[in-house]
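Single-structure report; data block below.
The values are calculated or read from the model by the stated rules, or taken from the named source; none is laboratory data. Just so we're clear, the structure is a prediction, and the values are computed from it rather than from any experiment. Reconstructed Cβ throughout: ideal geometry from the backbone, glycine too, with neighbour counts over all protein chains shown. Surface areas here come from the heavy atoms of the whole protein model, side chains and all, with no ligands, DNA or RNA. Shrake-Rupley method; radii C 1.70, N 1.55, O 1.52, S 1.80 Å.
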Amino acid sequence: MSAKARYHDFCRTAPDVPVFAQPWYLDACAEGGTWDVVLAAEKGRVVAALPYFCKQKGPFRYVTMPLFLKWLGPYMLPEFRGRLPQEHELLKQLIEQLPDFAAFKQNFYPTTTNWLPFYWEKFRQTTFYTYRLHQLRNLAQVETGLGTGIRRDIRLARQKVRVVHDLPLATFYAVNQLSFTRQGLPAPYSEAQFRRLDAALAAQQARQLFFAVDEQDRVHSVAYLIWDNTTAYYLLAGDDPALRASGAGVLLAWECICYASEILGLDCFDFEGSMLPGVERIRVRFGAVQTPYFFVWKYNSRLFELLEKVKP
């Protein structure tokens, strides 16, 4: 049986494999490359996995992050976490099985706190941050933690827009792309790529769309929530620049939090944090906790590293 087939079986029983590491999610996001996985076993049972996404550039094969994936990295069954000798041995097994690559670049899950065996193998690491709300089932407590400005924005936005879920995907994509246009950035993904991801998530009943619409049926803001067994993720959002003053974006973020708590019964909400100062301030005003995660990388090809540094 291939490693991918064994990984499919593993994910069916592992209790908390993140949505980004599920085989069906990786299949939906693998355009422009291929994904594979290495596995670590104890007494013949798979207990840890490291999925990865490969692309090819000329003669160089390299590991990177595909579209719509915030995190990948090593996953272990809960009973093996926090026991350092075992963690080290399992991570060592995974690293040794990685294929030859010109470069390796991955954002590890925020729940991954041990990258030491990668350090021993000459990988490097930078710390980034996401922002998370915990104890989400106690929604009253979460609401108490909202900043005064956030509360005001939510209250005022409710007077201007209503929240719906059933508008077309094309409408969502159009408003989502307006945020990139406003910043002078190219569209990071096509509508076809977004539809492919949405179809996979819809089939797993693991997503919900949010639209803030006014009395003239103008869409002020959109948000796209996905989830797994433990956490809801604020994956995509967007605003119409001409209508941003309504505060609808803040309202939709709160509606996503409420949905994760009241409908999904989850206990963690992840804003998929940003290192941008303006975005960070808003996340903190929601009461979210700054949460570190590792960006781990290694170059095995000096030429590929130089080409990366000089690329336009």
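Give me the angle, in degrees from 0 to 90, between the Cα long axis of helix 248-258 and the longest principal axis of the Cα atoms of the chain, rounded to the nearest 10. Once rounded, the angle reads 60 degrees. Based on alpha-carbon atoms, the Kirkwood radius and the radius of gyration of the chain give Rg/Rh equal to 0.98. Close amide H partners of residue 268, meaning residues 5 or more places away or on another chain with modelled amide H under 5 Å apart, are 136, 232. Rolling a 1.4 Å probe across the protein heavy atoms gives the chain an accessible surface of 48 Å² per residue.
For the chain, averaging the sequence separation of C-alpha pairs within contact (under 8 Å, six or more residues apart) and dividing by the residue count gives a relative contact order of 23 percent.
With respect to the chain, whose longest principal axis is taken over its alpha-carbon atoms, helix 148-158 is tilted by about 60°.
From its DSSP helices (H runs of at least four residues, each -39,500 (n - 2.57)), the chain gives a residue-normalised ellipticity at 222 nm of -10500 deg cm²/dmol. Extension gain for residue 167 to residue 217 (0.36 nm times residue separation, less C-alpha to C-alpha distance): 16.9 nm.
In this structure, the amide hydrogen of residue 57, modeled 1.01 Å from its nitrogen in the peptide plane, lies closer than 5 angstrom to those of 62, counting only residues at least 5 positions away or on a different chain. Note on the stretch 145-213: the C-alpha convex hull projects to 6.5 nm² when averaged across all orientations. What is the pair-distance distribution P(r) of the stretch 178-286, computed from all Cα-Cα distances in 10 Å bins starting at 0, with each bin given as a whole percent? Bins of 10 Å from zero give 13, 43, 38, 7 percent of pairs.
In this structure, residue 187 and residue 116 have a Cβ-Cβ separation that, at R0 = 35 Å, corresponds to a calculated FRET efficiency of about 0.35.
Extents of the stretch 18-165, taken as max minus min of Cα coordinates on every principal axis and listed largest first, are 57, 40, 28 Å. With each label modelled as a point 7 angstrom along the Cα→C-beta vector, the residue 229-residue 151 pair spans 3.8 nm. What does the C-alpha gyration tensor say about the overall shape of the stretch 13-52? Classify as rounded when a/c is under 1.5, otherwise prolate if a/b is larger than b/c, or oblate. Oblate.
Taking every DSSP beta bridge with both residues inside the chain, roughly what % is antiparallel (nearest 5)?
About 90 percent, rounded to the nearest 5.
Sequence-distant contacts, meaning Cα pairs under 8 Å at least 6 residues apart, place the relative contact order of the stretch 160-312 at 19 percent. Note: relative contact order over the stretch 1-158, using C-alpha pairs below 8 Å and six or more positions apart, is 17 percent.
Here the stretch 88-173 yields Rg over Rh of 1.19, to two decimals, using C-alpha coordinates and the Kirkwood radius. The alpha carbon centroids of the stretch 1-67 and the stretch 130-144 are separated by 31 Å. Once the Cα atoms of helix 3-13 and of the chain are each reduced to a long axis, what angle between those two axes, in degrees from 0 to 90 to the nearest 10, is obtained? Taking the Cα atoms of the chain, the angle to 3-13 is about 50 degrees.
If you sort the three axes of the alpha carbon gyration tensor as a ≥ b ≥ c, you get a/c of 1.5 or more for the stretch 64-108 and a/b no higher than b/c, which makes it oblate.
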